[in-house]
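Below is one structure, written out as structure tokens; the observations come after it.
The values are calculated or read from the model by the stated rules, or taken from the named source; none is laboratory data. Since this is a predicted model, take the numbers as computed values, not measurements. Note: ideal-geometry Cβ built from the backbone for every residue, glycine included; neighbour counts use all protein chains shown. Side chains are part of the model used for accessible areas, which takes the heavy atoms of the whole protein and leaves out ligands, DNA and RNA. Shrake-Rupley method; radii C 1.70, N 1.55, O 1.52, S 1.80 Å.
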Amino acid sequence: MMEIMLTRKLFFRSWFYFRQGWSLYFAFLFAAINTLTTTYFLAIEKYPTLKAVFPTFFQYVLFAFLIGVPILIVIGFVHFKKSGAFKSEVDITIESNPHQRRILLNTEALLVLCIKTNDILIKTLKNEKLSEQESEELIRIQDELKEHLNDRTIQNHKKKHI
């Protein structure tokens, strides 16, 4: 049974890596070559005005590279830094990927604990005692963290915040 699971896991991991290699590298390179070849030999070569601007395929490719790459870099920058598109992609990834969602929930829980720990450390450094309310709050946070640890799994995505 374990061997079947490992074989299945290997198959799906290989399938994922294949799709990544195909879509990110092979298809990208193939599409670029196809676009340059098609546009040159079906469009530029047929029109004397364009043929005068780009007398050889190499010159056309060089021009496309020198102009196209910087433009595409700017478009990529705008996609990641200036538009809402990338934020939407990340939001969807977190919503649909239980591992990403779990990391986010764990981080939120740890931030609460870190702030409370720092409060205690500052009080300790000032030789101050914790009030009864602060002690109860620490116990409550500890209990909620234990519950978080025991109850939450990758599949279980309760929205309770600590």
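Please verify whether Phe80 is open to solvent by less than 80 Å² (accessible area, probe 1.4 Å) and not small (Gly, Ala, Ser), treating the condition exactly as stated. Show your work before the answer.
Numbers: open to solvent by less than 80 Å² (accessible area, probe 1.4 Å): no; not small (Gly, Ala, Ser): yes.
In short, no.
What pairs come up if the first residue lies in segment 130-143 and is open to solvent by 60 Å² or more (accessible area, probe 1.4 Å), the second is hydroxyl-bearing (Ser, Thr, Tyr) and at pLDDT below 85, and their beta carbons are under 9 Å apart, counting only those six or more places apart or on different chains?
Close Cβ pairs (under 9 Å, with a partner that is hydroxyl-bearing (Ser, Thr, Tyr) and at pLDDT below 85) amount to Leu130/Thr124.
Among Glu95, Glu108, which is without any contact (Cβ under 8 Å) to a residue 60 or more places away in the chain, of a type in the set (Asp, Glu) and open to solvent by less than 80 Å² (accessible area, probe 1.4 Å)? Talk me through it step by step, then tell me what you get.
Numbers: Glu95 fails: open to solvent by less than 80 Å² (accessible area, probe 1.4 Å).
On inspection, the qualifying residue turns out to be Glu108.
Just one of (1) modelled with pLDDT of 85 or more; (2) small (Gly, Ala, Ser); (3) surrounded by 12 or more Cβ atoms within 10 Å (Cβ to Cβ) trips up Ala85, so point out which.
(3)
Going by the conditions given, is Leu72 among the aliphatic types (A, V, I, L, M), under 25 Å from the mean Cα position of the chain (by Cα) and farther than 30 Å from Leu105 by Cα? Write out each step before concluding.
Working: among the aliphatic types (A, V, I, L, M): yes; under 25 Å from the mean Cα position of the chain (by Cα): yes; farther than 30 Å from Leu105 by Cα: yes.
Yes, satisfied.
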